[in-house]
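Engineer: First the structure, which I've put down as structure tokens, then a few questions once you've had a look.
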Amino acid sequence: MRADPATATATATANPNPNPTVAGRDSPYGAAAPRGRNPVCWTRFDVLARRAAPAASRSIPPEPNRAMSESTVMQMSAAIVEQLNCGVFSVDHDMRILAWNGFMQYHTGRSRDDAIGQDLFALFPELPARWLRKKLESVFVLGVAMYTSWEHRPYLFRFDHSRPITGTIDAMRQNCSFVPLDDGRGGVAAVGVTIVDATDICIAHEVLGNREKRLTDALAELTARHAELSDLNRQLAHAHQQLLQSEKLAAIGQLAAGIAHEINNPVGFVLSNVNTLGGYLGALIAHAHAVERLVAERQPQLAPALAELARGADLDYLCEDAPALVDESKEGLARVRKIVVDLRDFSRVDSVHQWEWVDIHHCIESTLNIVRNEVKYAADLVREYASLPMVRCIPSQVNQVVLNLVVNAAQSYSSMRADGGHGDVPRGTITIRTGVDAGDCPRIWFEVIDAGCGIAPENLKRIFDPFFTTKPVGKGTGLGLSVAYGIVSAHGGEIAVSSAFGAGTTFRVTLPVERTGEPQPEAAAVSHSTPVASGIAS
């Protein structure tokens with residue numbers, strides 16, 4: 001908003017000093033009148049006073065000289081501006097100071113006489129000249145008021161504040177206005193600048209911001225603590241269930257170890273007896289053949305009777321079949337003994353937390369021997385073994401991981417047959433593949449691959465969660481993969497899954513060859529298992 005040209009003209013007429021060379025008290029604009037120029041409207045700072053001029057005139061008794069009353073009003077307006085508790089100054093196109101009120105004198109230390117007519121930037125070189133000049137020139141060109149807040153630029157002049165500076169506030173914070181001053185001809189003669197002390201607002205804003213930040217931080221801390229407590233509760237529940245599961249597994253392991261021990265003793269002497277019996281049987285067969293030859297040579301008349309007895313007893317068949325029966329019995333007993341040994345190795349109650357250098361292939365094979373009955377009706381086993389180094393691990397826990405993954409693979413085929421009456425589903429295949437990733441920290445891996453029902457995409461992110469299962473009630477606890485994940489993580493390894501729903505699943509377990517700081521024994525550097533390109537066992 002610009003000053004009224006008509007008012008400006010009337011004021012100019014009433015001015016007893018129409019063309020002063022130095023602004024002074026005789027000017028109705030006080031010290032603000034520009035040097036060497038016709039008077040202009042004072043500033044927009046006295047706009048309220050100018051609007052109040054008619055009322056003020058009416059309240060003043062009639063005087064012979066009407067112009068004197070208006071001059072008095074203008075002098076009053078200038079006095080008000082002089083006493084304002086904010087900075088007021090104006091500059092012309094050449095950036096010379098035209099007006100300089102008491103606030104500016106007090107805070108800059110420059111008197112009105114020192115400031116008026118001086119170049120603003122020469123007098124105050126510490127000002128942000130580039131920014132301020134651009135702002136003033138914009139007002140001159142556009143003829144519109146502009147404003148800048150302390151939030152955007154803390155201050156124009158670096159003034160001290162009337163109260164002690166606190167916190168991060170090191171100087172008076174200022175709100176600045178830049179207003180065009182009309183020359184009475186529709187142009188902009190000067191730009192008036194007001195500087196309002198906003199330090200109290202800034203301090204209050206800072207205090208409020210600090211309090212808000214403290215509240216936000218406290219809320220964030222409470223939220224984090226709540227999330228932490230919730231996570232701890234989940235971990236506690238998980239640990240409790242794992243403890244129960246571990247206790248169950250330990251009890252089963254103790255039972256299995258006891259059964260293995262009890263079975264191993266009779267199996268041992270039965271196998272020994274069968275071996276002895278085989279020797280006895282061989283001796284008896286040899287004796288029978290020797291008798292036949294001796295009778296034929298020395299008492300031929302008895303040979304027909306002896307031959308008849310042999311035919312009646314089917315001696316030839318017995319001599320042929322008995323050694324085969326003994327061999328089959330020995331093979332069966334050897335298999336029972338291997339199952340007992342594998343069962344004992346699988347349980348390993350005495351080394352649940354004992355780290356050892358082991359052959360991963362041995363862990364896999366001993367576990368497959370245990371779950372043979374679970375797998376043989378669902379799928380064939382295909383082994384694709386690479387040459388692996390020995391691995392530092394807890395064997396019983398690795399056995400548990402292999403067991404869970406292989407049983408899951410077998411059950412995926414069983415569920416395909418049971419779900420929706422897919423009785424014509426062909427026999428499946430479970431592939432166990434191993435390999436090694438060489439590098440600075442070598443790692444071995446093994447995969448359990450099936451072509452079963454697969455895992456739905458929405459369930460892939462949850463399969464390692466405790467108690468999550470898609471199996472029918474009574475068919476699964478939802479802890480198998482969770483336990484496997486925990487074991488692999490405890491070994492410093494990773495377990496990954498890729499699956500296509502209805503097309504099968506691949507689990508890949510990666511384990512470091514050795515724990516940090518434990519050198520690998522040279523004698524056990526390479527697995528003694530013979531690599532198997534492919535092999536099928538049911």
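Engineer: At a 10 angstrom cut-off on C-beta neighbours, averaged per residue, how do the peptides 486-492, 221-227 rank from highest to lowest?
Structural biologist: 486-492, 221-227
Engineer: Just subtract the alpha-carbon distance of Tyr317 and Arg293 from 0.36 nm times their residue separation and send over the number in nm, one decimal.
Structural biologist: So the chain would gain 6.8 nm between Tyr317 and Arg293.
Engineer: Label Gln83 and Val141 with points 7 Å out from Cα along Cα→Cβ: what is the distance between them in nm?
Structural biologist: 4.1
Engineer: Using a Förster radius of 60 Å, what is the FRET efficiency between Ser149 and Arg335 based on their Cβ-Cβ separation? Nearest 0.05, please.
Structural biologist: The calculated FRET efficiency here is 0.10.
Engineer: Separate question: Grab the Cα-Cα distance for Asp440 and Thr223, subtract it from 0.36 nm times how many residues apart they are, and report the gain in nm with one decimal.
Structural biologist: Roughly 74.0 nm would be gained on extension.
Engineer: So for each of 378-386, 454-462 I average, over its residues, the number of other beta carbons within 10 Å; can you give me the resulting order with the highest mean first?
Structural biologist: Ranked by mean Cβ neighbours within 10 Å, highest first: 378-386, 454-462.
Engineer: Please give the net charge around Ile432, taking every other residue with its beta carbon less than 10 angstrom from that of Ile432, where Lys and Arg add +1 and Asp and Glu add -1.
Structural biologist: Once positives and negatives cancel, what remains is -1.
Engineer: Please arrange Ser90, Ser329, Ser272, Ser396 by how many other C-beta atoms lie within 10 Å of their C-beta, fewest to most.
Structural biologist: Ser272, Ser329, Ser396, Ser90
Engineer: Can you pull the one-decimal nm distance between simple spin-label points at Leu325 and Ala456, each 7 Å off the Cα toward Cβ?
Structural biologist: Reported label-point gap for Leu325 and Ala456 is 5.7 nm.
Engineer: Whose amide H sits under 5 Å from the amide H of Glu384, counting only residues 5 or more places off or on another chain, with H placed in the peptide plane?
Structural biologist: Ile432, Arg433, Thr434
Engineer: Let me ask another. Please sort 292-298, 147-153, 190-196, 410-416 by packing, taking for each peptide the average over its residues of neighbouring beta carbons within 10 angstrom, highest first.
Structural biologist: 190-196, 410-416, 147-153, 292-298
Engineer: Right, something else. Simple spin-label model, 7 Å along Cα-to-Cβ: Arg130 to Ala490 in nm?
Structural biologist: Going from the Arg130 label point to the Ala490 one covers 6.5 nm.
Engineer: Return the long-range amide H neighbours of Ile463 (sequence gap of 5 or more, or a different chain), with a cut-off of under 5 Å between placed amide H atoms.
Structural biologist: Those qualifying (amide H under 5 Å, at least 5 residues apart or on another chain) number zero.
Engineer: Right, here's the next one. Please give the contour-minus-distance gain from Ser498 to Ala204: 0.36 nm per residue of separation, less the Cα-Cα distance, rounded to one decimal in nm.
Structural biologist: Separation in residues times 0.36 nm, less the Cα-Cα distance, equals 100.1 nm.
Every number here is computed from the coordinates shown, using simple stated rules; none is lab data. Note that the coordinates shown come from a computational prediction; the quantities given were computed from them, not determined experimentally. Using ideal geometry, Cβ is built from the backbone for each residue, glycine included, and neighbour counts are taken over all protein chains shown.
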